[in-house]
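So the structure is just underneath, and the comments pick up after that.
The values are calculated or read from the model by the stated rules, or taken from the named source; none is laboratory data. Note that the coordinates shown come from a computational prediction; the quantities given were computed from them, not determined experimentally. Here Cβ is always computed from backbone atoms with ideal geometry, including for glycine, and neighbour counts include all displayed protein chains.
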Amino acid sequence: MGARDLENGTVEIARRDTLTKETVAMEGVEQYISDLLKEIQHNIFKKAVDFRTSVTREVNSYDEFKVEIEKGGFLLCHWDGTAETEEFIKNETKATIRCIPVDGEVDPGFCMVTGKPSTRRVVFARAY
Amino acid sequence: MAKELKELTSRAVDYSQWYNDLVIKADLAESSAVRGCMVIKPYGYAIWEKIQAELDRMFKETGHQNAYFPLFIPKSFLSREAEHVEGFAKECAVVTHHRLKQDPNGTGLIVDPEAKLEEELIVRPTSETIIWNTYKGWIQSYRDLPILVNQWANVVRGEMRTRLFLRTTEFLWQEGHTAHATRDEAIEEAEKMLHVYADFAENFMAVPVLRGVKSPNERFAGAIETYCIEAMMQDGKALQAGTSHFLGQNFAKAFDVTFVNKENQLDYVWATSWGVSTRLMGALIMTHSDDNGLVLPPNLAPFQVVIVPI
């Protein structure tokens, strides 16, 4: 806020998340900022959800998997449920099963490596 | 040595360097004289305190109480649970002596060979063993259950490659350790804490997480089931942000913790454990920050608004 803002009864507000600026009335600014903080909290969460969605995809063959894993993200794949197959994938690609989702739809198919039946897709990724 | 970084390496050039630059430049933490151990600086610690405060509130709201157990664990305790020892043995720091003395041949200090411990102590990598050894004295009947205890503590796990917040030899965390009369109740508790963690990650950290269970390979050493929350970082790598374990009766059997149930029969106690650590700081930074530096969710920001007079 500067001298001109004081004269006009305004304040310039810069947001860290979007890097945008706007000038608002000084009157009622407490409520405005309180709402804006909620909006920022919501916005950065949505941004993170959208990013995750953009890097999450289903992969059906192991050849495709080896290409896709290089691009990062969550890969939803069928796995036969054995430690051997999981270990094999890890050794070849450094990807691990991050989790077997507890919610979401069950979608039976066949393991991308061994072709054995699988009851649902699991989530593969390289991890920290 | 204070080093002022002019600007951040951009994420596109080197994500890993960007992360490291950011942690230093934002004054959150730095490496220390001790290999693999970091110094959490006041601004970083202020964020951690906000994380702690909210989690602590959520734990208490779900019926848990805080307590504190020793930093040191007798070596023999660790080997009581076979899978547990296998999982942690290679990462343990060991205390062998309790005293130093003047080097008779020089000016420095040496370990006093006279002060060798009868039994070596390990620095806790996690506290299931010392806690279940303690619970043996607390539990006789179903009336003593459930025990819903959480501990805020530091733990030590030897790491080959360390990174600020993400992987350090010593880190801060909380570990919940609960004891139950039935299998169902313990599973319910482990699942409840998974959801507490997921709610916290999403509503306070603004970090979206997948909720799931681990494959047997990735399970906690000694657990029947490991529930986890998994986050996605901006470089496409996943980050395990919290885990909650259904431990079955494994630790009760290892430490002989039995109770008289409602049917007046002796049974082993059912267990869970669950934890999140300063690793959450890494997830928070990597999820939201950009090439200009740190971006924090207002719910966890030590400073939400900065007034700039022109």
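Do we find a residue being in contact with an Asp or Glu (Cβ under 7 Å, 6 or more places away or on another chain) and surrounded by 11 or more Cβ atoms within 10 Å (Cβ to Cβ) anywhere in the range B:61-74? Yes - at least one qualifying residue is present in the range B:61-74. Contact map, the range B:228-240: residues that are facing chain A (nearest Cβ under 7 Å) paired with residues that are part of a strand (DSSP E or B) and of a type in the set (S, T, Y), Cβ distance under 7 Å, separation 6+ or inter-chain. Pairs shown: B:C228/B:T243.
Against the list (1) in a helix (DSSP H, G or I); (2) within 14 Å of chain A (Cβ to nearest Cβ); (3) buried (at least 21 other Cβ atoms within 10 Å of the Cβ); (4) aliphatic (A, V, I, L, M), the condition B:I187 fails is (3). Within the range A:98-119, residues that are within 14 Å of another protein chain (Cβ to nearest Cβ) have Cβ atoms under 9 Å from residues that are of a type in the set (S, T, Y) and surrounded by fewer than 17 Cβ atoms within 10 Å (Cβ to Cβ) in these pairs: A:V106/A:T119; A:C111/A:T82, counting only partners at least 6 apart in sequence or on another chain. Residues considered: B:L239, B:L300, B:L280, B:L294. Of these, the only one that is closer than 30 Å to B:E185 by Cα, surrounded by fewer than 24 Cβ atoms within 10 Å (Cβ to Cβ), at pLDDT 95 or above and out of contact with any Pro (no Cβ under 8 Å at 6 or more places or on another chain) is B:L239. All told, B:G44 meets the bar of being crowded, with 17+ Cβ neighbours inside 10 Å and either free of Cβ contacts under 8 Å to residues at least 40 places away in the same chain or in a helix (DSSP H, G or I) (or both). Checking each residue in the range B:212-227 for being part of a strand (DSSP E or B) and either more than 8 Å from chain A (Cβ to nearest Cβ) or modelled with pLDDT under 95 (or both) picks out B:E225, B:T226. The range A:1-69 holds helices (runs of 4 or more DSSP H) entirely within its bounds, and those carrying 2 or more residues that are modelled with pLDDT of 95 or more map to A:29-54, A:62-68. Scanning the range A:70-81 for residues that are more than 9 Å from chain B (Cβ to nearest Cβ), of a type outside the set (A, V, I, L, M, F, W, C) and not in a helix (DSSP H, G or I) gives A:H78, A:D80. I'd like the residue in the range B:190-211 that is without any contact (Cβ under 8 Å) to a residue 40 or more places away in the chain and not in a helix (DSSP H, G or I) and, out of all such residues, is farthest from the other protein chains (Cβ to nearest Cβ). Going through the qualifying residues, I end up with B:V209. The single condition among (1) within 13 Å of another protein chain (Cβ to nearest Cβ); (2) part of a loop (DSSP other than H, G, I, E, B); (3) among the polar types (S, T, N, Q) that A:T85 does not meet is (2). Check whether at least one residue in the range B:126-135 is touching a strand residue (DSSP E or B) at 6+ places or on another chain (Cβ under 6 Å), within 14 Å of chain A (Cβ to nearest Cβ) and either part of a helix (DSSP H, G or I) or surrounded by fewer than 19 Cβ atoms within 10 Å (Cβ to Cβ) (or both), and report yes or no. No, the conditions are met nowhere in the range B:126-135.
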